[in-house]
Amino acid sequence: MVIDLLTSHASVRKYKDIPLSKEDVQELVSAGQHAASSHFVQAYSVIHVTDQDKREQLAKLASNKSQFLSAGAVLVFCADYARLEKAAALHNRKIDYSHAENMLVGAIDVALFAQNVAIAAESKGYGICYIGGIRNAPAEISDLLGLPDGVAPMFAMSIGVPNEANEVKPRLPVEAILHENSYDTAKYDDLLPAYDQTMHDYYLNRGSNQKDTAWSIQMADFLAEPRRTHMKEFLAKRGFTFK
Ligand SMILES: Cc1cc2nc3c(=O)[nH]c(=O)nc-3n(C[C@H](O)[C@H](O)[C@H](O)COP(=O)(O)O)c2cc1C
């Protein structure tokens, strides 16, 4: 059942040395394309990186050797308005994608597309892991992959035959996510400490990389400082000026 597949997801970061064929990747991308798309703009592209040298450079730029070098396929997902510019040019028209709304649409479109690719891959027995590390060096990676203005890399994904089986990470309880009619802040006084206990037990007892921590302190640490502060300037250079 689809719901069983969705609820058994766990990111995979170690793969067997078995490449996906171009046909395999095409099938996954085609499934991904059937995701809904805002106003049907289909504002995304994906680069399948098959060249070994490029993979090695990506691994270095994104500081993620293990996944970029061992995965059966490496995909770089991009928000893409360059193709829409071409479409408009067929009618001697120009488009404007300089507003915050345009970046939101591109980011949402590419995320929905990618998640469909992920589910399709997992349905065929592959493991996947998203890699946000490509935003460590988006300008260099754009040069490496020949991305034109109007195209911005958002994240990568490794896909392959799993060489590890990770436990499913407990999510926040449904009642923490689901509100009825209006947002209820008060419930977090109880729900967050309870979830911390769940995550503390999970982190202490999981099969590998055990640690003595909990979710809320991890989030506090993670979000204490701004991250990837170069993104605003990078996106502006690509034409996403967030007006
Ligand atoms: C956009 C995005 C970027 C991510 N980037 C990385 C990454 O750079 N490296 C990594 O190991 N995992 C990365 N992840 C995976 C998350 O850490 C993972 O999904 C989360 O911890 C939940 O674990 P699970 O996927 O095993 O359920 C990323 C996930 C998303 C959605």
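So what's the range 149-207 giving for Cα Rg divided by 2.2 N^0.38 Å, two decimals? It would help to have the intermediate numbers written out before the result.
Values: Rg = 17.6 Å, N = 59, 2.2 N^0.38 = 10.4 Å.
Relative to the 2.2 N^0.38 Å estimate, the range 149-207 comes out at 1.70.
How do Ser30, Ser8 rank when sorted from fewest to most other Cβ atoms within 10 Å of their own Cβ? Let's see the in-between values first.
Details: Ser30 12, Ser8 9.
The fewest-first ordering by Cβ neighbours comes to Ser8, Ser30.
Checking every one of the chymotrypsin sites (Phe, Trp or Tyr not before Pro) in the range 135-218 against DSSP loop status and a limit of 16 other Cβ atoms within 10 Å picks out Tyr183. Dividing the radius of gyration of the alpha carbons in the chain by their Kirkwood radius gives 0.99 for Rg/Rh. May I ask you to list the aspartates and glutamates whose Cα is less than 13 Å away from that of Lys94, ignoring any residue fewer than eight positions away on the same chain? Within reach: Glu85. Once the convex hull of all Cα atoms in the range 131-243 is built, its volume per residue stands at 190 Å³. Listed from fewest to most Cβ neighbours within 10 Å, the set Glu225, Glu27, Glu175 follows the order Glu225, Glu175, Glu27.
Counting other beta carbons within 10 Å of each residue's own, what order do Glu56, Glu122 fall into, fewest first? If you can, show how the numbers build up before the last one.
Working: Glu56 13, Glu122 19.
Listed from fewest to most nearby Cβ atoms, that is Glu56, Glu122.
For a straight C-alpha distance cut-off of 17 angstrom, the lysines reachable from Lys16 (same-chain residues fewer than eight places away being disregarded) are Lys65, Lys124.
FYI, it's all coordinate maths here, none of it is from the lab. Computed from a prediction, not measured in an experiment: that's the story for all the values here. Cβ atoms come from the backbone with ideal geometry, glycine included; neighbour counts cover every protein chain shown.
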